[in-house]
Structures are given as structure tokens and as C-alpha cells.
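One structure coming up, written as C-alpha cells, with questions to follow.
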Amino acid sequence: MLLTATLLGLIAALGILDGRLLGVSMIDRPLVMCALTGLVCGNLHEGILIGATLELIFLGNVAIGAAVPPDVVTGSVLATAFSIMSGRGPEAALTIAIPISMLAQTLGVLVRVVNAALATWPIVMRRRVIPGWLPLCTWEAQRCSIF
């Protein structure tokens, strides 16, 4: 179970890093994410079936301007894993994929707001010249900037 959770985390990390560090190679689409999740969970056929259906649902999600689309990777991986591991079928995955994606979208916006606040810490601490704070703030800003 721990190995499965670790592999699912690596699959989700690969999907999230697709558009950020690896270039846009469409690995983050639901069809690919659900197929990989189905492979890890032991039911590739159901993973592809869920992925194809979720691909149709999330097909129109485009980030235009300040609009933040739902987090397709998190919704796809978690919904497929829950569906396959619980044995409830693809209907369960389709039911929970959109709420999970919307929740992950909200958390992603919150993380970006916190990152923006943490990015100014070294500047503020440098102005105040508090001994010992500068290395901690620089490390914290660098650690949080990858999210």
C-alpha cells in the first residue's frame, strides 16, 4: 500500500511538473494520468476508461487571463485511485473528480499567495537587519518557490 501511494505521488508530480519544468508534452492530461494510475493500481482498462471520460469533461479547461482552471492532475489521479482501490467502478471516479479538482485549484491559489508573501521576506529582513533571520528567510523563500 505504501509503495502504491508513493508511485501515485510520483505520477502526480510528473503530471504537475509537465507544464512547469518539462515543457508542455501533454503528460498532464487525464487520459495519460488515469492510465498510469490504473497501471499502478492494477486495472489498466478501468484507468483508460476513466481517463477518456475525464478527458471529455476537462477538455475545455483553459487558463485565460486571471482564470485558474481546475487542477486536472490531482483530480484525475485521486479519483482514479479511489475508484479502482474501492472497487466502485468508473462512476465513482467521475463523481469525485470534479470536486477534488476544484479543491486542489483553491489550494493551489492559496499556495501561490503564500509564495508571493514569502518571496518578500528576505527584502524585509534585510532592511530590518535582524541577525540570524536572513539565511532562514532565504531558505524558506527558495523552498516554497518550487510549489
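Check Pro122, Pro90 and return the single one that is surrounded by 11 or more Cβ atoms within 10 Å (Cβ to Cβ) and at pLDDT 90 or above.
Working: Pro122 fails: at pLDDT 90 or above.
Matching residue, one of Pro122, Pro90: Pro90.
Another one. Where residues in the range 89-106 are under 15 Å from Pro30 (Cα atoms) and touching a residue at least 40 places away in the same chain (Cβ under 8 Å), which of them is farthest from the chain's Cα centre (by Cα)?
Pro90
Look at the range 5-23 and say how many of its residues are without any contact (Cβ under 8 Å) to a residue 40 or more places away in the chain and over 18 Å from Ala63 (Cα atoms).
Total meeting the criteria: 8.
Checking Val62 against (1) in a loop (DSSP other than H, G, I, E, B); (2) closer than 19 Å to Gly9 by Cβ, only one condition comes out false. Which one?
Result: Val62 fails condition (2) only.
Is one or more of the residues making up the range 38-53 among the small types (Gly, Ala, Ser) and not in a helix (DSSP H, G or I)? Quick ask: steps written out before the conclusion?
Going residue by residue through the range 38-53, those that are among the small types (Gly, Ala, Ser) are 38, 42, 47, 51-52.
Cutting the leftovers down to not in a helix (DSSP H, G or I) gives us 42.
So far as the range 38-53 goes, yes, one or more of its residues are among the small types (Gly, Ala, Ser) and not in a helix (DSSP H, G or I).
The values are calculated or read from the model by the stated rules, or taken from the named source; none is laboratory data. Values in this document were obtained by computation on a predicted structure and should not be read as measured data. Glycine gets a Cβ as well: all are built from the backbone with ideal geometry, and neighbour counts include every protein chain shown.
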